[in-house]
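*Asks:* Just passing along the structure, written as structure tokens.
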Amino acid sequence: MIGKKLKYYRLKKGMTVEELAKAINCTKAAISLYENEEREPNNDICKKIAKVLNIPWIELLSRNSDNILFDHISFRKKQKASKKDIELLKADIESQCSNRISLMNIVGLLNYKIFKPQKLSFKKSASENAEIIRSALGIPTAGPIYSITNILEQAGIIVLSFDCAEEIDGVNGMVNNIPYIFFNSKNKTIERERFTLIHEVCHLFFNDSEENRDDIKIEKYINQVTGNVLLPNDDIYYLFGKTNRNISIYLRDNVAKQYKIAPSCLLNRLYEAGVITELYYKNYFIFLNKTCGKKSEKTLLDPSKDNESPSVFTQQVYLALSEELITTSKAAEFLNIPLYDVMQNIRTE
């Protein structure tokens, strides 16, 4: 784990291998050997590295969890982030997943519930696959989805969220055969976060089937499945009928708020379902591009009520703390918050 931690903190510091080597007066090759875990640095070198990276030197020697195996299956070709940003995100994800695996071991929940998505076929329609995905997650076949994060965590999927490079919306992968999903919370609307969560879930169901397929076609199809999961055809026809040609702004925005999706996502679904004309559909996006752009579409939701912040990990930390399985300082380390805040949260009066 020394190599993984060394690479993680170096990337967090924004240093290259060459810069770190120069700072501690050693060779670039030596740093590479340390990071690849082909050679272990002695305590003196660890102290020098820690001083440059501004972390406690003992942190390089501490272990989160042994035998952690990652499969970052969704760093797709479409990602526009730099190699450095992707490497840093991988390191962040591995660090947080290691914490979660460690905690699940401590509280005895490691094998309690593991989500195993069945592999779906591209030959089926987007609506058919969306219905299967809803069922697999325990979501009714129709109706709004109120808390996606809660549903995924209860299903046994690790959900992570923190700020990273804006070019990356989300990532999915496996850690010790447990699926994880990361969604970027940096300058993203709630609607976009929710779409990303379902989008990454959908990829979990198709990854083994994506070989030798065109990336653009894959993303287009996955987007269609995602839209169908968030707003099924039956709901569309119930709310709008099958022959509407013009949807009032009031109706459009109220349905978008009810289903917690962006108006642009709603219109995509209405167009796919044949409820609105191509002209009506195109005119909205012309308006959107002129005013703010699709990616800057304003939220219709209340961040204080509709946020998708993961909560299960925090609950498990306080469970372990209440059962005296971990110390308050370890809880603060897990949650990355001040010790004082943990002490305040465990007050009983």
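The values are calculated or read from the model by the stated rules, or taken from the named source; none is laboratory data. In this text, all values refer to a predicted model and were calculated from it rather than measured experimentally. Positions of Cβ are backbone-derived with ideal geometry, glycine not excepted, and every protein chain shown enters the neighbour counts.
*Asks:* What do you reckon, is Ile58 loosely packed, with under 12 Cβ neighbours inside 10 Å and either at pLDDT 75 or above or part of a helix (DSSP H, G or I) (or both)? Working first, answer last.
*Replies:* Working: loosely packed, with under 12 Cβ neighbours inside 10 Å: yes; either at pLDDT 75 or above or part of a helix (DSSP H, G or I) (or both): yes.
Yes; evaluated as a whole, the condition is true for this residue.
*Asks:* Further question on the same structure: What's the total number of residues in the range 201-230 that are modelled with pLDDT of 90 or more and over 21 Å from the mean Cα position of the chain (by Cα)?
*Replies:* 0
*Asks:* What tally of residues in the range 144-191 results from selecting those that are more than 12 Å from the chain's Cα centre (by Cα) and buried (at least 23 other Cβ atoms within 10 Å of the Cβ)?
*Replies:* 1
*Asks:* Go through the residues of the range 240-254 one by one and say whether even a single one is free of Cβ contacts under 8 Å to residues at least 24 places away in the same chain and touching an Asp or Glu at 6+ places or on another chain (Cβ under 9 Å).
*Replies:* There is no residue in the range 240-254 that is free of Cβ contacts under 8 Å to residues at least 24 places away in the same chain and touching an Asp or Glu at 6+ places or on another chain (Cβ under 9 Å).
*Asks:* Which of the residues spanning the range 148-177 are modelled with pLDDT of 90 or more and among the β-branched types (Val, Ile, Thr)?
*Replies:* Scanning the range 148-177 gives Ile148, Thr149, Ile151, Ile157, Ile158, Val159, Val171.
*Asks:* Going by the conditions given, is Val342 over 30 Å from Met104 (Cβ atoms), among the β-branched types (Val, Ile, Thr), surrounded by 12 or more Cβ atoms within 10 Å (Cβ to Cβ) and more than 24 Å from the chain's Cα centre (by Cα)?
*Replies:* no
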